[in-house]
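What follows is a short report on a single structure.
The values are calculated or read from the model by the stated rules, or taken from the named source; none is laboratory data. Owing to the predicted nature of the structure, the values given are computational and were not obtained by experimental measurement. Counting neighbours? That spans all protein chains shown, and the Cβs are built from the backbone with ideal geometry, glycine included.
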Number of protein chains: 6
Amino acid sequence: MTRIDGRAMDELRPIQITTDFVKFAEGSCLIACGDTKVLCCASVEERVPPHVAEGSGWVTAEYSMLPRANRERSKRDVSKLKLSPRSAEIQRLVGRSLRAAVDLKRLGERTITIDCDVLQGDGGTRTASVTGGFIALALACRKLVEEGVLGATPIRRFVCGVSAGIVDETPMLDLRYSEDSRAQVDLNCVMNELGELIELQGTGEGRAFTLAEQQELVRLCAKGNRELIQLQKRVLGGL
Amino acid sequence: MTRIDGRAMDELRPIQITTDFVKFAEGSCLIACGDTKVLCCASVEERVPPHVAEGSGWVTAEYSMLPRANRERSKRDVSKLKLSPRSAEIQRLVGRSLRAAVDLKRLGERTITIDCDVLQGDGGTRTASVTGGFIALALACRKLVEEGVLGATPIRRFVCGVSAGIVDETPMLDLRYSEDSRAQVDLNCVMNELGELIELQGTGEGRAFTLAEQQELVRLCAKGNRELIQLQKRVLGGL
Amino acid sequence: MTRIDGRAMDELRPIQITTDFVKFAEGSCLIACGDTKVLCCASVEERVPPHVAEGSGWVTAEYSMLPRANRERSKRDVSKLKLSPRSAEIQRLVGRSLRAAVDLKRLGERTITIDCDVLQGDGGTRTASVTGGFIALALACRKLVEEGVLGATPIRRFVCGVSAGIVDETPMLDLRYSEDSRAQVDLNCVMNELGELIELQGTGEGRAFTLAEQQELVRLCAKGNRELIQLQKRVLGGL
Amino acid sequence: MTRIDGRAMDELRPIQITTDFVKFAEGSCLIACGDTKVLCCASVEERVPPHVAEGSGWVTAEYSMLPRANRERSKRDVSKLKLSPRSAEIQRLVGRSLRAAVDLKRLGERTITIDCDVLQGDGGTRTASVTGGFIALALACRKLVEEGVLGATPIRRFVCGVSAGIVDETPMLDLRYSEDSRAQVDLNCVMNELGELIELQGTGEGRAFTLAEQQELVRLCAKGNRELIQLQKRVLGGL
Amino acid sequence: MTRIDGRAMDELRPIQITTDFVKFAEGSCLIACGDTKVLCCASVEERVPPHVAEGSGWVTAEYSMLPRANRERSKRDVSKLKLSPRSAEIQRLVGRSLRAAVDLKRLGERTITIDCDVLQGDGGTRTASVTGGFIALALACRKLVEEGVLGATPIRRFVCGVSAGIVDETPMLDLRYSEDSRAQVDLNCVMNELGELIELQGTGEGRAFTLAEQQELVRLCAKGNRELIQLQKRVLGGL
Amino acid sequence: MTRIDGRAMDELRPIQITTDFVKFAEGSCLIACGDTKVLCCASVEERVPPHVAEGSGWVTAEYSMLPRANRERSKRDVSKLKLSPRSAEIQRLVGRSLRAAVDLKRLGERTITIDCDVLQGDGGTRTASVTGGFIALALACRKLVEEGVLGATPIRRFVCGVSAGIVDETPMLDLRYSEDSRAQVDLNCVMNELGELIELQGTGEGRAFTLAEQQELVRLCAKGNRELIQLQKRVLGGL
């Protein structure tokens, strides 16, 4: 069995990260994972939401798909007066993931919001949002250091997201849409540069899966994670 | 180290399931897991949403907390004109989990909606919603058989939800709120009666976690799963 | 003519009040009037809305039906992004009724919110909300006294709600749904322990009604009111 | 004791009804009760909402205050994305009241919507909406007859609304705002030309009230009702 | 070619302005331009929105049509939970236009809101809103002077709105609905008493238009503007 | 006086149009006018909204700014549950402009929606949306022809948008944000390839403007229009 684009089972799609794709955000990048393209922008505000402990900062994320990011046009959330539940789920995941990358005490009483807007969706938009969102976040933190607002970056660890799944009974890394849409099992990992897990979400779409299968999928993700962290380090050249 | 309520690390809280707590729903139960109380009601409608394939049925879920289910009163969703993002995430999980329990073809062109309303929340409301929601679903399916609408139940497998976490560096099963609120790692499993996974969600709240820790937490969940499936079978006395 | 459940024309349905049905609210009860079941929770907050005069407190209510409280499942308010107009009308009635029970000056600058959530509806949910809401309110006030926040209860009078109607040209007390749905006239009273009126709402559903009929319905309600106040006093054992 | 504007206790404010104040509605009037001014428009549509029985028509009402109808400007409902709960309550009352005036079978499968928009509010806007709304409704029905759509008017009885209250321990008819805002008891009646009740709403704003007081207020309303029905008959010159 | 109502091509419809149509607003008028009737109310509040520079005031407008202002009943904005996009566009235009009439520094830190509610619409509602809104604004400013809040009116110039269009290839002033609905080109001007432009909006509804045609339409508007300013001066008798 | 970026008064910013920036839309381009970047996507649907005459097609537009398109992050519309009024105004303009470019009869009973999403805003986003939106529209129409759905393009004329303004008393073409934010007068034109006007919107932001100034601004726009139409023709190489 071979994959539609000739990739090995444990091979990521080609990834391209263009930093500073827009110029007003404190940090930004356009990340392309194959045909999936997400614009990630980090915005710094000098206040925190009310639930945050005194002396601490906050990192949060918003996620949205442009109406024609997909094969079919979808209505804008504002037309339906509802945040899409899928977007709600994803932006909570991205927010938790990037919060785990930061020492919120060292960030101080400010909020960094990561906007992840999917310009084109071909599978893996949530993990691309984590990987690209981390770049935007790191750039914004670097700017805070360069401007003398912070003495050192509050980022603790590199963090990225990667997915794997079982298609036609075969575990494989980084599903594109044509694979994802007929996957039996779908699993997303957010991991740090030590290969530890921060978020793990697995779903039996077509069938239940065994604990052994689950471990195999996490192993595939761990392999992808090592490569993505390397790429992030190359793009950023350090924190 | 002992747990606040004297439980062993791999011990579930006492569970009580009262079927037919309300009488108009096609199936219902009140499930209490310790102090967590969720009212689960299954409603059958003879139509399906537009995205469902012809000849197939649909199972979906809604989740909500009553305003005073928690230590602090929270505003109703309708006052904020938004479904709480947390509720959106949870009801998607419950819906996927219970859909996996059913052969949608055999259900035929009808929808079963499982309403999970948390009367009191003390940790583990999403997994209690899956476990209790399954009971309500099974009762509704039984009623369809009894009424001659269906020849046999469309349920394929028993399904339940269970959580585990790491508190003070110790893995433990079925966290109550006072444990959950200081957990370092939190992991939820939805599993079927074969011990296979349907949904898996793990979050490093306080720190990242290793693959070994992840496996240990899934093992704890698998132990809880076996007991919950037994309980479900006792309550229902078969499908 | 006899009633479907064999009751006399001036007889209330059996009533059961379970106090402290949930444990986080400052006061709560589950009230069952026949098959109508309402969960009433009182929450105390140490602030008042802006329209309240300085030095004064506030009592307000919210009312909602769970989606499967009735014979047919209804959509949640948040799905429609509107508070149901019927709920809006009822919660204004419950709020005014319970406010009348309290000396707002003696309550001091705090708000008590009474959440009335109908778990099962079989007619008379608004009057059950007043009767049960009063219990929750009184328990919350008692807790404020026990905690030393208040020197004495700010409750001035026992207050309860009761309904009557004309069915098949016959006036009768406390309609259940099968009676209510074909009532010609429907009338609700909120009264205090002195038998005085606080709220009065009468509607000619099927036909107009005379002043004499109106008085007869109020007389029936006054009879029910006396019994309900007795029950409230038994349940609470004083204020 | 005399009233601020010199009226007797059982005296209505001067009323002025201008029919056809706007020209596109099938029926309309501007009703002024003292300084309260409500524009009432009846619109006919050749379809009914889904809940209406086959072969039957429907009458419904909407009520709104213009932002500067009162002493203080209020925000528009659409700015708050909520129908004001008070408006919800009132428009349900007006709808029920005017529905009672019509034989819905004879109306046939069409809907008449009565829009009551308060241009200036000085107390008694809900009862003015009923009284003026009836005029708009009757004019629309007359037009249906004139156009040959209906053979005879579906209106069964004249219907109007009137209020009374207790101010400084004195019962009085038709409160203006300066009286209403300090009323101890406030009571609204919708009555037909036979002096029968269709809707009755009484509220103890400042104190509870006795059954005797309630009857006295209804008697005052009945007196006002007779005058208002006369006026409606003069304005319309028959149905 | 003659116009349906016999007007000359450069002739305005008859205009009637009733000041103080409602009595609570600081300034108000009912403006009728032919069959178009708009109620304009100015409300003064002693605060400004956050985006306004310190020491400066603010003037803003809201625009809405009553549901039965037109030939067909339209749903209220609040039923759709959206401000009509057309209303959004118009109220921005009216707000900018009236802001241009005022020296915001001299107004001081207060907001004047002009509510323009269309009671009957027969074409030209947006320009009638500007013309009538200016009257309400001027009356409110006069009241601020009379009450000693301001030493002199902050109004700098008279401002009014007027429209023209091309119908059947003929340019004409002040289109009524029956003309407007088949206009090829539609152009609105807001101008001051010096004949200068404040707002200009032209649309080729049925076809594109030349620069020469555009100038001809502006010339027609300038003629109408001179007459409207005269009328405003007559009605107000000075600022 | 020279412009901040050294441009002549009648000189456009450099424009770059990347067609097929995203691959699922029937037509798309990324248009950059200086630092303003708008992603324009055309989506074809085989149905029309109810208000469209039988046999005719429809063209409409939606406009939105990404949250960090500007110097300050703005909240998403869906968070506020309102379409921004500015966006509402702009998308109506873009829709009317592009509708004017198309023979709706020849388009047939289908809708083309042009989504204009501003990735970066530096002035002139609405005119860039028209100019880029036309390219996306033309590409989508070409695809309909290539697929044999239409025999010939339904586009009648090239259409583009361009702005001019008066800054420091000097009329100039195509304002960037730093000019626009202190402009005294701002004017937008949508014109076709014959130099005729389709839409014209002028606003006296800082002061009123004379008819002569208005003409001068339109003349500047006409000059820009000629260059933009040339560019569109080069990019598309014919319709």
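Here are some notes:
- Among the residues of region A:97-120, those that are touching a residue at least 60 places away in the same chain (Cβ under 8 Å) and in contact with a Ser or Thr (Cβ under 6 Å, 6 or more places away or on another chain) comprise A:113, A:116, A:117, A:118.
- Exactly one residue among E:175, E:187 is away from chain F (no Cβ under 12 Å) and at pLDDT 95 or above, and that residue is E:175.
- Those residues of region F:43-92 which are over 15 Å from the mean Cα position of the chain (by Cα), basic (Lys, Arg) and over 25 Å from residue A:63 (Cα atoms), in sequence order: F:47
- Selection count, region C:119-150, where residues are farther than 19 Å from residue C:44 by Cα and of a type in the set (A, V, I, L, M, F, W, C): 2
- Check on residue C:148, assigned to a loop (DSSP other than H, G, I, E, B), free of Cβ contacts under 8 Å to residues at least 12 places away in the same chain and closer than 30 Å to residue C:111 by Cβ: yes
- All positions within region E:33-55 that are surrounded by 12 or more Cβ atoms within 10 Å (Cβ to Cβ) and either over 15 Å from residue E:130 (Cβ atoms) or among the basic types (Lys, Arg) (or both): E:34, E:35, E:37, E:43, E:44, E:45, E:48, E:52
- Of the residues making up region A:131-151, one or more are in contact with a Cys (Cβ under 9 Å, 6 or more places away or on another chain), farther than 22 Å from residue F:74 by Cβ and surrounded by fewer than 23 Cβ atoms within 10 Å (Cβ to Cβ).
- Qualifying positions in region B:162-187 - surrounded by 22 or more Cβ atoms within 10 Å (Cβ to Cβ) and polar (S, T, N, Q): B:163
- Residue F:119 of a type in the set (A, V, I, L, M), under 29 Å from residue A:114 (Cβ atoms), buried (at least 22 other Cβ atoms within 10 Å of the Cβ) and at the interface with chain A (Cβ under 9 Å from one of its Cβ atoms): yes
- Unmet requirement for residue E:157, which otherwise passes all of (1) touching a residue at least 60 places away in the same chain (Cβ under 8 Å); (2) farther than 21 Å from residue F:96 by Cβ: (1)
- Tabulated pairs, region B:65-81, first within 7 Å of chain C (Cβ to nearest Cβ) and surrounded by fewer than 21 Cβ atoms within 10 Å (Cβ to Cβ), second of a type in the set (Ser, Thr, Tyr) and part of a loop (DSSP other than H, G, I, E, B), C-beta under 6 angstrom, 6+ apart or interchain: B:77/B:84
- The condition (being within 14 Å of chain F (Cβ to nearest Cβ) and assigned to a strand (DSSP E or B)) is satisfied by just one residue among A:42, A:25: A:42.
- Long-range neighbours under 6 Å by Cβ, at least six apart or interchain, first residue at positive phi within region B:2-28, second assigned to a loop (DSSP other than H, G, I, E, B) and buried (at least 17 other Cβ atoms within 10 Å of the Cβ): none
- Residues (within 14 Å of chain C (Cβ to nearest Cβ) and touching a Ser or Thr at 6+ places or on another chain (Cβ under 9 Å)) located in region B:133-160: B:133, B:136, B:139, B:140
- Members of region E:116-137 that are assigned to a helix (DSSP H, G or I) and touching a helix residue (DSSP H, G or I) at 6+ places or on another chain (Cβ under 8 Å): E:125, E:126, E:129, E:130, E:131, E:133, E:134, E:135, E:137
- Summed over region F:85-115, residues that are assigned to a helix (DSSP H, G or I) and either within 9 Å of chain E (Cβ to nearest Cβ) or closer than 20 Å to residue F:188 by Cα (or both) total 15.
- Checking each residue in region A:12-22 for being under 18 Å from the mean Cα position of the chain (by Cα) and in a loop (DSSP other than H, G, I, E, B) picks out A:12, A:13, A:14, A:20, A:21.
- Among the residues of region C:153-161, at least one is under 16 Å from residue C:13 (Cβ atoms) and buried (at least 24 other Cβ atoms within 10 Å of the Cβ).
- Top-ranked residue of region E:190-238 - restricted to ones that are among the acidic types (Asp, Glu) and modelled with pLDDT of 95 or more, ranked as nearest to residue E:89 (Cα to Cα): E:199
- Options D:202, D:195: the member that is within 10 Å of chain C (Cβ to nearest Cβ), closer than 23 Å to residue C:211 by Cβ, surrounded by fewer than 21 Cβ atoms within 10 Å (Cβ to Cβ) and in contact with a helix residue (DSSP H, G or I) (Cβ under 8 Å, 6 or more places away or on another chain): D:195
- Residue E:90 being closer than 30 Å to residue D:45 by Cβ, at pLDDT 95 or above and of a type in the set (Val, Ile, Thr): yes
- Breaking point among (1) within 25 Å of residue F:71 (Cα to Cα); (2) touching a strand residue (DSSP E or B) at 6+ places or on another chain (Cβ under 6 Å), for residue F:177: (2)
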